[in-house]
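Remarks on the structure that follows.
The values are calculated or read from the model by the stated rules, or taken from the named source; none is laboratory data. Please read these numbers as outputs of a predicted model, since none were measured by experiment. All Cβ positions, glycine included, derive from the backbone under ideal geometry; neighbour counts span all protein chains shown. The accessibility values were calculated without ligands, DNA or RNA, using every heavy atom of the protein model including side chains. Shrake-Rupley method; radii C 1.70, N 1.55, O 1.52, S 1.80 Å.
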Amino acid sequence: MTSNESKAQATQDDAIEALMVEERRFPPPDNIASRANVKDPAIYEEALADREAYWAGEAGKLHWFKDWDKVLEWNPPFAKWFIGGELNVSYNCIDRHLDDRGDKVAFHWVGEPGDTRTLTFKDLYFEVCRFANALKHLGVRRGDRVAIYMGMIPELPIAMLACARIGAPHTVVFGGFSSDALADRINDTKAKVLITQDGANRRGQVFPLKDNADAAIESTPSVESVVVVERCNNEVTWVEGRDHRWTELVESQVAECPPEEMDAEDVLYILYTSGTTAKPKGIVHSTGGYLTQVASTHRMVFDIKDDDVYWCAADIGWVTGHSYIVYGPLANGCTGVIYEGTPDYPEKDRLWQIAEDYKVTILYTAPTAIRTFMRWGTEWPERHDLSSLRILGSVGEPINPEAWMWYRKHIGGDRCPIVDTWWQTETGAIMISPLPGITTTKPGSATFPLPGVVADVYDEQGESVHLGGGGYLVLKQPWPSMIRTIYGDQDRYVETYWSRYDKETYFAGDGCKRDEEGYFWLMGRIDDVMNVSGHRISTAEVESALVAHPSVAEAAVVGRNDEITGQAIAAFVTLRGGEHGDEALISELRDHVAEKIGKIAKPQSIVFTDDLPKTRSGKIMRRLLRDISEHRKLGDITTLANADIVDEISKLAAASPGED
Ligand code: 7RM
């Protein structure tokens, strides 16, 4: 990376200035390129020339009970895909693989305490059918909503697939959210049944899911029955008539349950995004369009072969788990790995142990996890044979070039392509990503929109910004797996996503720059963009510059109100391998940022901390750090993964005066 202070293109007109330049490039390795699922770059042109034909071709790889009459109906901002078509998601994920792959492993499951379970597609079929019948027995009918509040155990995907089988939209709530968060989501969907477990294993402790569920249900009149998986055998209170043990329920059910023939546009699920403020949004996903695009992108982006062992290490309660642990991989008949617990239990090499044990070939995780592994040091992956890996993926946040390089070297042995995949709960599936057999990657760039996806970067007025400039990411054409609405709030759907420019242009809310070669560089949420003396600077760039320093593992940067400059840059930094920071390191880091991107981006203050406040899916909560920096009363922190760190950071920040 080079310093680039006087970059001509970064004019004051840019909605967001693009300051850093990345020179490193990684073409696809021959062994991947020569046998890749997608080898011919002409696919981009072909898809662009006839998008509907392209997506119809992808949809045709699924099993449809009834063909669609029309590919797309676009009444902006409302899209319908594969109109008149009928299919069932659970049938596509399970039944149609039974003849050829009945005995193939669908999931290798690893419990945190060390117990394991293997489910073949045939096993999955029996489990899903029996539980689908159990749901029917509890009175769940097509169209009824079912809430799921569980940890990462096999019954979670089984429950989701059972819902899909009988046409009951599910809403999965992160096992780890509070009872209030659970109650809000149940009440918004008016779910009839809640599926949970006695407790969930988390870093050697039991997290009391059933207790939380009981507390939630006190204020959720819609819930008639609660299904409880016994996982931890912790003590729970029991309400006769309302509560049912999973094992007892399925015992009496037959292992056959005809799949409902669903309309392509029927709702598959509702998933709430933990919005930064106010009420969470219930993102509604469809059946046909959704499955088409998750299966298609999973096959292409991860280059899935029949003998792959694919591991998406996200939580199923996050959209990444829905699309790329459950629906996409199973639709492709792919073998997956699911791990119940935390990566540092019992030791910091747990993931590498599992990758070695199961000879994992594809690993998909988040930048926050990668930066945590960097902080723990290379000794942990070095203890294990990771030579089975062939492709690495990243999702959830901008990945700093340094983290990208570390991932490539220390996990991928310098041999695995990295696919940095940009997408959202709302997009349902990956939208911007390399294709591992075609795309030359650059560390930190999600590269290009996938075939069939039309993206652009706009300035304030809605003009496409010149190459080399920064602005706002937009999607200019509807796509099959797109959000259909916000549950119960159509106006908010239109207002949030389709009103910034016009009603045909989807506003993603992310800053983005494009370099001279047209590569997309995602720069984080626009609410996080700072304004320093009139320069619009993305937090992601300053964070990347900090993480490029050898002592730094992770950094979060926010703009704090400043009388002189409008905003001043406040940085929060965690150091690698238990290092401690002092005044000398603070000034070294400030100079380092100045050198990497320019004086304008020099943090005014730097606070060293052991951890950063993060959501459950690992996204840094910059809003909270802004509140801390500006000494405001802190808002709701219940959706935080590590709420205890907030106190510590507040104390440190109070004790640290800013420099000029
Ligand atoms: C899949 C997921 C969506 C937001 C999105 C971005 C950020 C996700 C990347 C990324 C840069 C990436 N769904 N984001 N992936 N930023 N590069 N590869 O994360 O709904 O939970 O979040 O996450 O800001 O808008 S999500």
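Summary of computed values
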quantity	calculated
Breaking point among (1) open to solvent by 10 Å² or more (accessible area, probe 1.4 Å); (2) in a loop (DSSP other than H, G, I, E, B), for MET405	(2)
Residue match in the stretch 392-404 (condition: within 14 Å of the chain's Cα centre (by Cα), without any contact (Cβ under 8 Å) to a residue 40 or more places away in the chain and over 24 Å from PHE608 (Cβ atoms))	yes
Residues of the stretch 590-612 classified as at pLDDT below 90 and within 30 Å of GLY175 (Cβ to Cβ), total	2
Inter-residue pairs, beta-carbon under 7 Å, first within 21 Å of ASP315 (Cβ to Cβ) and in the stretch 111-125, second part of a loop (DSSP other than H, G, I, E, B) and of a type outside the set (Asp, Glu), 6+ apart	GLU112/GLY341; GLU112/TYR345; ARG117/PRO154; LEU119/PRO154; LEU124/ILE94
Test for GLU382: is it modelled with pLDDT of 95 or more and not hydroxyl-bearing (Ser, Thr, Tyr)	yes
Residue in the stretch 590-606 that is surrounded by fewer than 17 Cβ atoms within 10 Å (Cβ to Cβ) and over 27 Å from MET20 (Cβ atoms) present	no
Selection count where residues are in contact with a helix residue (DSSP H, G or I) (Cβ under 9 Å, 6 or more places away or on another chain), more than 11 Å from the ligand (Cβ to nearest atom) and part of a loop (DSSP other than H, G, I, E, B), scope the stretch 434-448	7
Residue check, ALA181 buried (at least 22 other Cβ atoms within 10 Å of the Cβ) and either under 25 Å from PRO343 (Cα atoms) or not basic (Lys, Arg) (or both)	no
Checklist (1) surrounded by 21 or more Cβ atoms within 10 Å (Cβ to Cβ); (2) over 23 Å from HIS108 (Cβ atoms) applied to ARG375, failing item	(1)
Scope the stretch 497-512; condition within 12 Å of the ligand (Cβ to nearest atom) and of a type outside the set (Gly, Ala, Ser); matching residues	TYR497, TYR506, PHE507, ASP510, CYS512
Of the criteria (1) crowded, with 22+ Cβ neighbours inside 10 Å; (2) within 30 Å of VAL593 (Cα to Cα), which one LEU363 fails	(2)
Checklist (1) crowded, with 17+ Cβ neighbours inside 10 Å; (2) over 30 Å from PHE608 (Cβ atoms) applied to SER445, failing item	(2)
Meets criteria (assigned to a strand (DSSP E or B) and away from the ligand (no atom under 16 Å from the Cβ)) for ILE354	no
Pairs with Cβ under 8 Å, 6+ apart, first in the stretch 499-521 and acidic (Asp, Glu), second more than 15 Å from the ligand (Cβ to nearest atom) and part of a strand (DSSP E or B)	ASP515/VAL21
Every pair of residues 6+ apart whose Cβ atoms lie under 8 Å, when the first sits in the stretch 83-110 and is within 19 Å of CYS129 (Cα to Cα) while the second is in a loop (DSSP other than H, G, I, E, B) and modelled with pLDDT under 95	none
Residue that is most open to solvent (accessible area, probe 1.4 Å), among those in the stretch 378-401 that are within 15 Å of the ligand (Cβ to nearest atom) and not in a strand (DSSP E or B)	PRO398
Matching residues, the stretch 522-535, being away from the ligand (no atom under 16 Å from the Cβ) and surrounded by fewer than 19 Cβ atoms within 10 Å (Cβ to Cβ)	ASN531, SER533, GLY534
Odd one out for VAL227, checked against (1) open to solvent by 10 Å² or more (accessible area, probe 1.4 Å); (2) more than 16 Å from the ligand (Cβ to nearest atom)	(1)
Those helices (runs of 4 or more DSSP H) lying entirely in the stretch 17-106 with at least 1 residues more than 30 Å from ASP307 (Cβ to Cβ) and open to solvent by 30 Å² or more (accessible area, probe 1.4 Å)	42-49, 51-59
Flag for ILE486 being modelled with pLDDT under 95 and within 16 Å of the ligand (Cβ to nearest atom)	no
Matching residues, the stretch 408-433, being within 30 Å of SER551 (Cβ to Cβ) and either within 15 Å of the ligand (Cβ to nearest atom) or assigned to a loop (DSSP other than H, G, I, E, B) (or both)	GLY412, GLY413, ASP414, ARG415, CYS416, PRO417, ILE418, VAL419, ASP420, THR421, TRP422
Residues (open to solvent by 20 Å² or more (accessible area, probe 1.4 Å) and closer than 19 Å to ALA79 by Cβ) located in the stretch 270-327	LYS281
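Residue by residue, here is whether (1) at pLDDT 95 or above; (2) under 30 Å from ILE486 (Cβ atoms) holds:
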{"position": "MET160", "(1), (2)": "yes, yes"}
{"position": "HIS170", "(1), (2)": "yes, yes"}
{"position": "PHE177", "(1), (2)": "no, yes"}
{"position": "ASP214", "(1), (2)": "yes, yes"}
{"position": "VAL250", "(1), (2)": "yes, no"}
